[in-house]
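The structure under discussion appears below in the form of structure tokens.
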Amino acid sequence: MTKPKGANSALIKQAVLAKLANKRAATSAVKTRGQVSGGGRKPWRQKGTGRARAGSSRSPIWVGGGKVFGPTKERNYKTRLPQKMQRRALTEILNTIKNDVKTVSSLAMKEIKTKAAAEMLRKLQVNGAALLITEKIQPELLLSTNNLPNVSVTTVENLSIGDFVSERSVVMEQKVFDKLFPEAKKAPAKPKATKKAETK
């Protein structure tokens, strides 16, 4: 992908990290001294043994004891990014990939067939991961690409910066392209003709 001049890389990175953080689940956790089994009995009497006093064999300073300040399932990784920043980041990343987008008149399919979907992508010279963007929901296309690895389908209304986290080819319908890049379909302005000086 070619990075256009003036692209806000910091904003794009912030939006992508926020999207990934919001998908993150707090699954790692350790047991505290109150959750580790055992340790109910005092290991030895308080005085007279010559050893350091101890009240439980599950103390955090003991091997096999509970952990202090370890990860818990209650941790929240959610990050809130203002909508204006989300929209701006999406605009920035769309401008980044604009020159690499492949456009077709329509991605509609007549029947649900994985082979037909794979053949369509082959004709478009799309190899590997791909993102297909349609104007409206197309069940036939969605079901036909389900078994194609690393190929996903979305509509222009549901488009988010999370769709561009990984490097992949982008294919969109012409109507979608015109909607996302209205300035691209405008004809260039013609230079005004200069009047020739009248010769006497």
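Loop-located trypsin sites (Lys or Arg not before Pro) across the stretch 97-150 with a Cβ neighbour count of 11 or fewer within 10 Å are K110, K136, with loop assigned by DSSP.
Taking the fewest neighbouring Cβ atoms within 10 Å as the starting point, the ordered list for W62, W44 is W44, W62.
Listing D100, D178 from the residue with the fewest other Cβ atoms within 10 Å to the one with the most, what is the order? Could the numbers behind the result be given before it?
Numbers: D100 10, D178 14.
Fewest-to-most Cβ neighbours within 10 Å comes out as D100, D178.
Each of L124, T114, P82 was placed along the dipole of the stretch 69-153 (beta-carbon charges, centred on the mean Cα), and the one lying farthest toward the positive end is P82.
Cross-link check: pairs K42/K73; K23/K98; K42/K67; K13/K175; K13/K73 evaluated at a Cα-Cα cut-off of 24 Å; pairs beyond the cut-off: K42/K73; K23/K98; K13/K175; K13/K73. The Cα-based radius of gyration of the stretch 120-169, divided by its Kirkwood radius, gives an Rg/Rh of 0.93. Using bins of 10 Å that start at zero, the share of Cα-Cα pairs per bin across the chain amounts to 7, 22, 20, 14, 10, 11, 8, 4, 2, 1, 1, 0, 0, in whole %. Each of F69, F181 was scored by other Cβ atoms within 10 Å of its Cβ. Arranged with the fewest first, they read F69, F181.
Restricting to DSSP H runs of at least four residues, report the calculated mean residue ellipticity at 222 nm for the chain, -39500 (n - 2.57) per run over all residues, nearest 500 deg cm²/dmol.
Per the formula, -8000 deg cm²/dmol.
Taken over the stretch 77-129, the alpha-carbon convex hull comes to 176 cubic angstrom per residue. When +1 charges are put on Lys and Arg Cβ atoms and -1 charges on Asp and Glu Cβ atoms, the dipole computed for the chain relative to its Cα centre reaches about 1340 debye. In terms of the mean number of neighbouring beta-carbon atoms within 10 Å, the peptides 78-85, 154-161 order highest first as 154-161, 78-85.
The alpha-carbon of K136 sits under 18 angstrom from the alpha-carbons of these aspartates and glutamates, leaving out residues fewer than 8 places away in its chain: E111, E157, D163, E173, D178.
Each value in this text was obtained by applying a stated rule to the coordinates, not by laboratory testing. Treat the numbers as computed from the prediction; the structure is a model and nothing was measured. A quick note on method: Cβ atoms are made from the backbone with ideal geometry, for glycine too, and the neighbour counts reach across all protein chains shown.
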